[in-house]
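The values are calculated or read from the model by the stated rules, or taken from the named source; none is laboratory data. Values in this document were obtained by computation on a predicted structure and should not be read as measured data. Don't worry about glycine lacking a Cβ; one is built from the backbone with ideal geometry, like all the others, and counts go over all protein chains shown.
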Amino acid sequence: MEEIGKSTMSDNAPVNAYRVEIRGASKHYGALKALNQFDLTIEPGTFTVLLGPSGSGKSTLIRSIAGIERLDSGSIAFGERVVADNGFHMAPEKRDLAMVFQDYALWPHMTAFENVAYALKRRSLDASESDRRVNEALERVGLSSKGPNYPFQLSGGEQQRVALARAIVGRPSLLLFDEPLSNLDADLRERLRVEIATLTREIGATACYITHDQSEAFALADQIGVLRAGELQQIAAPEEIYRSPANRFVAAFTGTSGSFLGVVTEVHGHHVQVALGKRRIECRTSTPLKVGDSVEVLIRPSATSLSHHHSNSLPAIVLDVAYRGRGYEHVVECEFGVISSVFATESTARGSRVEIYIDPHNCLAFPSEKRVEVDLSISELTPIK
Amino acid sequence: MALDGGLLVRHRVPFSQEPSGLKGVVNRFRITPMAVFWTLITFILVIPILLFLSVAFSPRLMSQGHQWFTLSSFKPVFSGAYGIALLHSLIIGVVAAVGAMIIALSMAWLVIRTNTPARVLWNTTIFALFLAPSYLIALGWQRLFEQRGVLEIMGFSVAPIRNLLYGPVGICMVLMVKGIPFAYLVIANAMRGLGEEFEQAVRVHGGSRFEAFKVMASLLMPSLFSAMAIVFAEAISDFGVASTLSSVGHFSVATYQLYQGINSIPVNFPVSAATSITLLALVILAILAQNKALRGRSFRTLSGRTRPATLTKLSLFGKISTSGYIVVLLIVTLGIPVFGAISASMLQGLGSLLSHYSINFDNYSRVLHSRFLRNPLIYSTEMSLITATLAVGLAAIASKVLTSARNSRSKRFVDFFLLAAVALPGIVFAIGYIFTYNLKFINDLGLHIYGTSFLLALAYTANALPSTSRSLVGNMGQIQESMMDAARVHGSGAAKAWVDVTMPLIARPLLIAWLLTFSGTLLELPVSELLYPPGSPPVAVGIELSLAGFDYGGGTAIEVLSILWALVVVGIAFFLFNRFAPPGWKRLGNLR
């Protein structure tokens with residue numbers, strides 16, 4: 001059986017990045033559908049992040065791409081090479097890929113150097129060349145002096161750096177990341193995120209990264225795929241996912257400050273007016289709505305600000321305020337619920353009465369299954385100011 | 001990035017095409033390690049066990065009666081002498097299991113987690129305990145306390161202790177002593193893989209040292225239950241004590257009843273098989289209780305992130321009291337039987353009615369110069385080397401199957417047959433072999449292996465496999481699966497990933513399992529007795545023959561030399577491991 005990428009690679013040669021095509025992939029664990037007729041294409045050299053909550057099937061998907069899991073049905077192809085197809089399954093070691101694991105998966109009986117060198121064995125390099133590349137990879141992740149250390153002698157961040165060096169040292173055609181930052185603290189997470197982003201793009205490999213953290217996804221991805229219950233909800237550039245989420249789930253999972261229930265009172269193309277109790281608010285929608293429809297209005301964090309705008313504003317009381325370096329984030333309560341992450345360069349004291357401006361472009365209305373009763377005939381419905 | 005659902009243009013490359021013709025057939029039936037494993041399991045475990053047990057339900061199947069199906073063989077098992085013996089075995093099994101587990105847990109904590117000075121003694125001695133089969137421990141005590149035994153010759157009056165020894169107290173004590181090393185190794189191996197962060201978490205949240213110990217004990221729960229299950233199973237299926245203390249003291253246990261059933265004329269195989277099934281059911285009940293207690297709990301604690309625990313520094317009083325505890329334990333478990341065996345081996349005239357006795361090394365000289373006494377040791381060494389290697393290889397695969405995350409059919413199958421084999425007394429197991437490999441159709445197939453060393457090695461392996469597998473399960477279960485996955489995705493095949501990752505992580509437990517199997521086989525009694533090739537008696541048979549001829553001095557001298565030889569092999573193996581194993585292999589599970 002022919003292996004992919006068996007030939008030795010010169011150090012700086014561009015990686016032959018894969019185009020990954022998944023068609024009709026299904027995987028069941030007993031009665032649980034982990035993947036359900038899943039389709040996905042990842043273009044060569046791009047960085048794709050699959051975002052979803054626990055149980056959405058993202059781990060199963062990335063493990064199936066790696067060859068650790070066998071699909072029940074469907075196919076996976078790397079370029080023109082089929083690696084899984086209805087019963088056929090190429091072993092993981094023959095797929096020429098590398099993976100960074102959530103728990104690092106460093107081998108405790110090997111030093112950091114040996115862990116990294118292990119991934120080069122398949123390249124059949126001579127010892128001096130192998131050593132040079134391992135040292136280079138360790139240096140690239142800032143661990144040149146830690147080669148002789150065993151994993152237990154390294155901090156969590158250093159361990160994950162070793163795992164990263166192990167993944168890139170062989171310059172694989174496909175790099176997989178299985179929630180690699182979830183066990184690290186915020187500062188380390190940010191620093192390693194930058195390293196992952198730059199190193200992956202530097203070697204030019206196709207990258208597939210799974211996470212449940214939307215901020216990580218937006219920061220890393222060329223493309224984001226949002227998963228739910230084994231199905232792909234939407235795949236698009238981060239900006240598009242943020243601005244035009246395909247459905248309520250995608251919108252909710254990619255970041256909201258709060259949500260209100262209301263009834264549509266006017267429709268103007270992609271903009272609608274929604275009655276919230278006795279007030280009205282203007283927002284966008286990507287789904288066809290008509291007057292009288294019950295909707296849930298999801299508010300993006302970027303949609304809110306403490307201001308004295310006189311239109312699309314709601315009166316509220318400040319519940320909490322947190323200093324974020326470049327300014328302050330407020331949590332406020334209005335008569336329809338709580339809104340968090342309301343940014344302002346100046347702090348407003350807890351308990352203060354404020355006006356919250358809501359930018360209609362970052363405020364999204366989706367049909368609600370819950371029936372909302374608002375008497376639209378009430379004349380004193382407060383109009384938009 | 002396409003979400004277009006368009007047709008994927010796919011070019012099937014040659015490697016992915018379905019092989020056809022002869023190549024396809026060969027591929028379909030290719031010899032994989034798992035195929036070899038299942039074939040061996042079938043022939044050395046499944047078939048002999050099933051054929052023998054089937055006699056209980058269908059005596060006619062094995063020409064042991066006229067009925068194709070009956071349950072009448074079970075009637076005697078629960079009444080009369082069989083019923084009493086079964087109850088005795090059950091009580092003794094529970095006492096031995098709980099006692100051995102408690103002692104082993106305390107010893108594991110003292111040895112691995114404290115700086116008590118006597119821990120060095122224990123690590124060396126634990127293997128000696130393993131080496132000595134229960135019949136040798138019992139014989140050591142017997143030689144000391146029997147009428148006109150060593151102590152009475154020395155002028156001591158030991159009749160009250162003798163009465164205790166030849167009854168339930170003595171039997172429980174010997175079986176508990178025999179169970180301690182099994183329990184200790186299972187618990188100690190798991191404890192070595194447990195980082196100290198769990199204890200630290202308790203202490204920093206206000207928990208006392210004792211509460212930290214309780215948390216550690218609950219993390220060790222799989223090992224504790226495994227330890228109790230092993231000791232319980234070993235105790236109720238033990239034949240060594242049954243053939244010594246039980247028979248002399250007239251305190252019947254199930255295995256002795258079995259032995260009597262097999263030796264009676266006409267031989268009552270159906271009732272023996274029914275008794276075996278009942279013993280098996282008792283063990284399975286114990287394991288079911290274990291599984292129920294552990295349901296839904298994950299104890300995977302060994303990973304690249306685990307930090308080794310530091311030793312608890314004991315005060316002077318702590319050091320003295322813990323060392324005292326260890327020394328007393330050593331004297332009771334090993335010191336007394338060893339003294340019994342050594343003194344008996346050096347006493348000229350023991351077992352005779354002479355009034356004058358002398359102490360010298362004549363018995364050892366006789367053993368070393370007599371081909372008749374020496375050859376069994378050489379033969380048993382050869383058989384033990386083969387058996388230990390084969391059994392540990394199979395046990396590593398079996399323990400991997402048993403600890404796989406998925407509750408597959410193969411996992412349940414291996415679990416059941418390993419349990420069945422643990423519960424079956426060695427002597428019954430040997431009879432299963434006699435039945436199976438004397439069957440006409442086996443001979444018609446050209447398999448004339450009855451009465452050969454080959455069959456004896458297979459029987460030894462099958463006999464050792466259950467306990468060896470169980471001893472590895474705790475360690476195998478602690479290995480994070482992602483470490484194997486990482487090896488696979490970074491270019492290693494399944495076998496290479498196993499050799500590169502799994503084997504180093506369990507190198508020390510594998511070595512220990514190998515040494516235990518080697519030592520156990522060297523002195524094994526029941527299988528040896530029934531299956532040894534004519535003219536090639538193993539050590540245990542050699543000892544039995546000497547004792548049967550009232551050559552107590554010669555018999556105990558072979559016994560002492562055999563144990564010394566096993567200790568030498570253990571010493572050499574550990575020396576080689578510490579000298580030549582890569583540093584990373586030694587770091588895991590190392591005694592600091």
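For A:ILE235, the criteria (1) at pLDDT below 90; (2) part of a strand (DSSP E or B) hold in every case but one, which is (1). Restricting to region A:47-93, name every residue that is of a type in the set (Lys, Arg), surrounded by fewer than 21 Cβ atoms within 10 Å (Cβ to Cβ) and within 11 Å of another protein chain (Cβ to nearest Cβ). Answer for region A:47-93, where residues must be of a type in the set (Lys, Arg), surrounded by fewer than 21 Cβ atoms within 10 Å (Cβ to Cβ) and within 11 Å of another protein chain (Cβ to nearest Cβ): just A:ARG81.
B:ILE449 meets all of the listed conditions (1) in a helix (DSSP H, G or I); (2) over 15 Å from the mean Cα position of the chain (by Cα); (3) surrounded by fewer than 22 Cβ atoms within 10 Å (Cβ to Cβ) but one, namely (1). Could you check B:PHE130 against (1) assigned to a helix (DSSP H, G or I); (2) more than 28 Å from B:LEU505 (Cβ to Cβ) and say which number it fails? The one condition B:PHE130 does not meet is (2). Among the residues of region A:90-117, just one is under 26 Å from A:PRO44 (Cβ atoms), out of contact with any strand residue (DSSP E or B) (no Cβ under 8 Å at 6 or more places or on another chain) and at pLDDT 90 or above, namely A:VAL116. Before we move on, is A:VAL226 buried (at least 23 other Cβ atoms within 10 Å of the Cβ) and in contact with a Phe, Trp or Tyr (Cβ under 7 Å, 6 or more places away or on another chain)? When the stated conditions are applied, A:VAL226 passes them.
Kindly check whether there is at least one residue in region A:203-210 that is more than 20 Å from A:ALA236 (Cα to Cα) and not small (Gly, Ala, Ser). Yes - at least one qualifying residue is present in region A:203-210.
Considering region B:156-180, and only residues there that are outside any helix (DSSP H, G or I) and not aromatic (Phe, Trp, Tyr), the residue that is farthest from B:SER106 (Cα to Cα) turns out to be B:SER157. Screening region B:500-591 for helices (runs of 4 or more DSSP H) wholly inside it with 1 or more residues that are under 27 Å from B:PHE339 (Cα atoms), of a type in the set (S, T, N, Q) and away from chain A (no Cβ under 14 Å) returns the ranges B:507-522, B:526-531, B:539-548, B:552-580. Among residues of region B:230-258 that are modelled with pLDDT under 80, those with a beta-carbon under 9 Å from a residue that is among the acidic types (Asp, Glu) at least six positions away or on a different chain give the pairs B:VAL248/B:GLU146.
Quick one: is A:ALA66 modelled with pLDDT under 95, closer than 30 Å to B:PRO504 by Cα and not charged (D, E, K, R)?
Numbers: modelled with pLDDT under 95: yes; closer than 30 Å to B:PRO504 by Cα: yes; not charged (D, E, K, R): yes.
So A:ALA66 fits the description; yes.
Out of A:ARG189, A:ARG166, which single residue is in contact (Cβ under 8 Å) with a residue 12 or more places away in the chain, of a type outside the set (Asp, Glu) and surrounded by 24 or more Cβ atoms within 10 Å (Cβ to Cβ)? Even if it seems obvious, please write down each step before you answer.
Details: A:ARG189 fails: surrounded by 24 or more Cβ atoms within 10 Å (Cβ to Cβ).
Exactly one of A:ARG189, A:ARG166 is in contact (Cβ under 8 Å) with a residue 12 or more places away in the chain, of a type outside the set (Asp, Glu) and surrounded by 24 or more Cβ atoms within 10 Å (Cβ to Cβ), namely A:ARG166.
Restricting to region A:85-100, give me the number of residues that are closer than 11 Å to B:HIS490 by Cβ and among the charged types (D, E, K, R). Selection size over region A:85-100: 3.
Those residues that are in contact (Cβ under 8 Å) with a residue 12 or more places away in the chain, more than 10 Å from chain B (Cβ to nearest Cβ) and not β-branched (Val, Ile, Thr), I need them from region A:222-242; list them, please. Can you show your working first?
Kept after step one, since they are in contact (Cβ under 8 Å) with a residue 12 or more places away in the chain, are these residues of region A:222-242: A:222-238, A:241-242.
With the extra rule that they be more than 10 Å from chain B (Cβ to nearest Cβ), the set shrinks to A:226-231, A:233, A:238, A:241-242.
Listed by number, the residues that qualify are A:LEU227, A:ARG228, A:ALA229, A:GLY230, A:GLU231, A:GLN233, A:PRO238, A:TYR242.
Considering only region A:173-181, I want to know if a residue exists there that is in a loop (DSSP other than H, G, I, E, B), within 22 Å of A:GLU216 (Cβ to Cβ) and without any contact (Cβ under 8 Å) to a residue 60 or more places away in the chain. Steps first, please.
Here is the first cut: in region A:173-181, the residues in a loop (DSSP other than H, G, I, E, B) are A:173, A:179-181.
From what is left, the residues that are within 22 Å of A:GLU216 (Cβ to Cβ) are A:179-181.
The next check asks that each one be without any contact (Cβ under 8 Å) to a residue 60 or more places away in the chain; those that pass are A:181.
Within region A:173-181, one or more residues are in a loop (DSSP other than H, G, I, E, B), within 22 Å of A:GLU216 (Cβ to Cβ) and without any contact (Cβ under 8 Å) to a residue 60 or more places away in the chain.
Only one entry of B:THR333, B:THR278 meets the criterion of being within 24 Å of B:VAL527 (Cα to Cα), under 23 Å from the mean Cα position of the chain (by Cα) and at pLDDT 85 or above, and that entry is B:THR278.
Here region B:458-483 is the region considered, the condition is being within 14 Å of chain A (Cβ to nearest Cβ) and under 28 Å from the mean Cα position of the chain (by Cα), and the residue that is surrounded by the most Cβ atoms within 10 Å (Cβ to Cβ) is B:ASN475.
Tell me, which helices (runs of 4 or more DSSP H) wholly within region B:181-263 include 3 or more residues that are among the hydroxyl-bearing types (Ser, Thr, Tyr)?
B:254-263
Tell me which residues, restricted to region B:184-196, are touching a Leu at 6+ places or on another chain (Cβ under 8 Å) and either at pLDDT 75 or above or surrounded by fewer than 22 Cβ atoms within 10 Å (Cβ to Cβ) (or both). Don't jump to the end; show me each part of the working.
Kept after step one, since they are touching a Leu at 6+ places or on another chain (Cβ under 8 Å), are these residues of region B:184-196: B:185, B:187, B:190-194.
Of everything in region B:184-196, those that are touching a Leu at 6+ places or on another chain (Cβ under 8 Å) and either at pLDDT 75 or above or surrounded by fewer than 22 Cβ atoms within 10 Å (Cβ to Cβ) (or both) turn out to be B:LEU185, B:ILE187, B:ALA190, B:MET191, B:ARG192.
When the residues of region B:197-221 are narrowed to those that are surrounded by fewer than 22 Cβ atoms within 10 Å (Cβ to Cβ) and under 29 Å from the mean Cα position of the chain (by Cα), which ends up modelled with the highest pLDDT? In this case the residue turns out to be B:MET221.
Exactly one residue out of A:VAL291, A:VAL267 is assigned to a strand (DSSP E or B) and at pLDDT below 95, and it is A:VAL267. Restrict the check to region A:196-203 and report whether at least one residue is closer than 16 Å to A:ALA17 by Cα, assigned to a loop (DSSP other than H, G, I, E, B), small (Gly, Ala, Ser) and away from every other protein chain (no Cβ under 14 Å). No, the conditions are met nowhere in region A:196-203.
Note on region B:79-99: among residues that are free of Cβ contacts under 8 Å to residues at least 40 places away in the same chain and part of a helix (DSSP H, G or I), the one that is surrounded by the fewest Cβ atoms within 10 Å (Cβ to Cβ) is B:GLY80. Just a yes or no: is a residue in region B:485-496 in a helix (DSSP H, G or I) and touching a Leu at 6+ places or on another chain (Cβ under 7 Å)? Yes.
Any residue at all in region A:119-140 that's hydrophobic (A, V, I, L, M, F, W, C) and free of Cβ contacts under 8 Å to residues at least 12 places away in the same chain? Step through it out loud before you land on a result.
Taking region A:119-140 and keeping what is hydrophobic (A, V, I, L, M, F, W, C), we get A:119-120, A:125, A:127, A:134, A:137-138.
Restricting the remaining residues to those that are free of Cβ contacts under 8 Å to residues at least 12 places away in the same chain gives A:127.
Yes, that holds for at least one residue.
Quick check on my filter: what residues within region A:110-122 are touching a Leu at 6+ places or on another chain (Cβ under 8 Å), surrounded by fewer than 24 Cβ atoms within 10 Å (Cβ to Cβ) and not aromatic (Phe, Trp, Tyr)? Can you show your working first?
Narrowing region A:110-122 to residues touching a Leu at 6+ places or on another chain (Cβ under 8 Å): A:112-113, A:115-116.
Those still in the list that are surrounded by fewer than 24 Cβ atoms within 10 Å (Cβ to Cβ) too: A:113.
Passing the criteria: none in range.
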